[in-house]
Structures are given as structure tokens and as C-alpha cells.
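Peer 1: Sharing a structure with you now.
A short reminder: the numbers here are calculations on the coordinates, not readings from a lab. The model shown is predicted, which means the values in this text are computed figures rather than measured ones. Cβ placement follows ideal geometry from the backbone for every residue including glycine, while neighbour counts extend to all protein chains displayed.
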Amino acid sequence: MAMNEKVAEVLEKQINAELYSAYLYLTFADYYEDRGLKGFANWYMIQVQEEVDHAKALRRYLLDNDYKPTMEAIAKPDKTFSNDLEPLEAGLAHEEYVTSLIHHCYEVARDEHDIRAMKMLDWFVGEQGEEETNARDMITNMKLFGSDPKGLFDLDREYQTRTYVAQTTLPM
């Protein structure tokens, strides 16, 4: 069965959104690197890798369903920050936006009766819940502990321990 064109188009757009997320999180990592907060930078560099993984999974899904995706230009992130909380808040807002995009993809798949795409997108729906929870937790931690130099140091050390784990069960 041929890939539904409407579903393929929204998934193709989602690839671009995931790659933009990687670009955006690179700017967050750069902000924290410049501040000397290597743990926060590490957290966002791992986010970069995860967003690229998401784009690759969507690309693979399209290719496996006989649809050749077109890679579009990725917009330049335009965020600037004046304190350590702002990137975290921008991260949560962005994850909420990505969740809305994933929900739109799911709605299109549902409307087009593309059960296979809906099943694949179930994974992304769950992933976005996790991403939003992590972003909210980071904001809470920064508000509770980040205004104190020792607390900020401890948070930064904690975030340095995060390691990248390649996703072995990507949606297909």
C-alpha cells in the first residue's frame, strides 16, 4: 500500500522541526558553555543528539514506506538569554510546541486512516511527555537551587552525569 501523501507531507515537515530543535538546543548548550556551566551544556548536547535521532527515525519511516523525503532549509535560532533560567523556560515552551506538532501529525494520520503511522507516532507522543516533564523538572530545580552558587554548582554537576544512550527501539 502506498504511503498516504498528506501523512507523508506532515512527517516530512516534522523532520525539519526535529532538526530545528537540534539547532536550537545547540544554542542553549553554547549559552551554558559560555557561562562555564558544562553540565547544563552537556544536557543540551544530549538533547541535540536525541532530536537528530528523532529526525532520522522519521526519515527512515518515510523511506521504508516508499516515500523519499526532501530536506528543507533549517531556520536559524534567534533566541538570546540574559539569565540561566531563560534557556530552560524556552526549552519547555519549545517542547510544548513540538508536542503540538506531533499531535497534528497524529491527527492527520487518524483522519487519513493511516493506522501504521498512528502506531509509529504513539512512540513520539510518549517521548514528548517525557521531554516536557524533564524540561519542567529542570525549571523547578533552577528556581529552587539555581540562585545559590553552591546549588547551581551541584545542579551543574548532576547534569554532567547525563550520558547519551542511542535509541535502539525507534518507532517503525
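Peer 1: I'm trying to understand the selection: among the residues of the stretch 81-100, which are acidic (Asp, Glu) and out of contact with any Asp or Glu (no Cβ under 8 Å at 6 or more places or on another chain)?
Peer 2: 84, 86, 89
Peer 1: A further question follows. For residue 63, are the conditions met, namely being within 12 Å of the chain's Cα centre (by Cα) and more than 23 Å from residue 137 (Cα to Cα)?
Peer 2: When the stated conditions are applied, residue 63 does not pass them.
Peer 1: Right, another one. I'd like the full set of residues that are of a type in the set (Ser, Thr, Tyr), surrounded by 15 or more Cβ atoms within 10 Å (Cβ to Cβ) and under 13 Å from the mean Cα position of the chain (by Cα), limited to the stretch 66-101.
Peer 2: Listed by number, the list holds a single entry, 99.
Let's see how each residue does on (1) buried (at least 17 other Cβ atoms within 10 Å of the Cβ); (2) under 19 Å from the mean Cα position of the chain (by Cα); (3) under 24 Å from residue 42 (Cβ atoms); (4) without any contact (Cβ under 8 Å) to a residue 40 or more places away in the chain:
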{"site": "105", "(1), (2), (3), (4)": "yes, yes, no, no"}
{"site": "108", "(1), (2), (3), (4)": "yes, no, no, no"}
{"site": "116", "(1), (2), (3), (4)": "no, no, no, no"}
{"site": "120", "(1), (2), (3), (4)": "yes, yes, no, no"}
{"site": "130", "(1), (2), (3), (4)": "no, yes, yes, yes"}
{"site": "134", "(1), (2), (3), (4)": "no, yes, yes, yes"}
{"site": "146", "(1), (2), (3), (4)": "yes, no, yes, no"}
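Peer 1: So how many residues does the stretch 53-77 have that are farther than 30 Å from residue 31 by Cβ, among the charged types (D, E, K, R) and in contact (Cβ under 8 Å) with a residue 12 or more places away in the chain?
Peer 2: Qualifying residue count for the region: 3.
A quick yes/no check of all residues on (1) in contact (Cβ under 8 Å) with a residue 60 or more places away in the chain; (2) over 30 Å from residue 152 (Cα atoms):
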{"residue": "5", "(1), (2)": "no, yes"}
{"residue": "47", "(1), (2)": "no, no"}
{"residue": "79", "(1), (2)": "no, no"}
{"residue": "86", "(1), (2)": "no, no"}
{"residue": "96", "(1), (2)": "no, no"}
{"residue": "102", "(1), (2)": "yes, yes"}
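Peer 1: Also, I was wondering about something else. Report, by residue number, each residue of the stretch 22-37 that is surrounded by fewer than 20 Cβ atoms within 10 Å (Cβ to Cβ) and not in a helix (DSSP H, G or I).
Peer 2: Once the filter is applied, which keeps residues that are surrounded by fewer than 20 Cβ atoms within 10 Å (Cβ to Cβ) and not in a helix (DSSP H, G or I), the stretch 22-37 yields only 36.
Peer 1: Could I ask something else about it? Please enumerate the residues belonging to the stretch 38-80 that are touching an Asp or Glu at 6+ places or on another chain (Cβ under 6 Å) and outside any helix (DSSP H, G or I).
Peer 2: Listed by number, the list holds a single entry, 69.
Peer 1: Given the residues 63, 11, 19, which is the only one that is in contact with a Cys (Cβ under 7 Å, 6 or more places away or on another chain) and either buried (at least 20 other Cβ atoms within 10 Å of the Cβ) or more than 26 Å from residue 150 (Cβ to Cβ) (or both)?
Peer 2: Exactly one residue qualifies, and that residue is 11.
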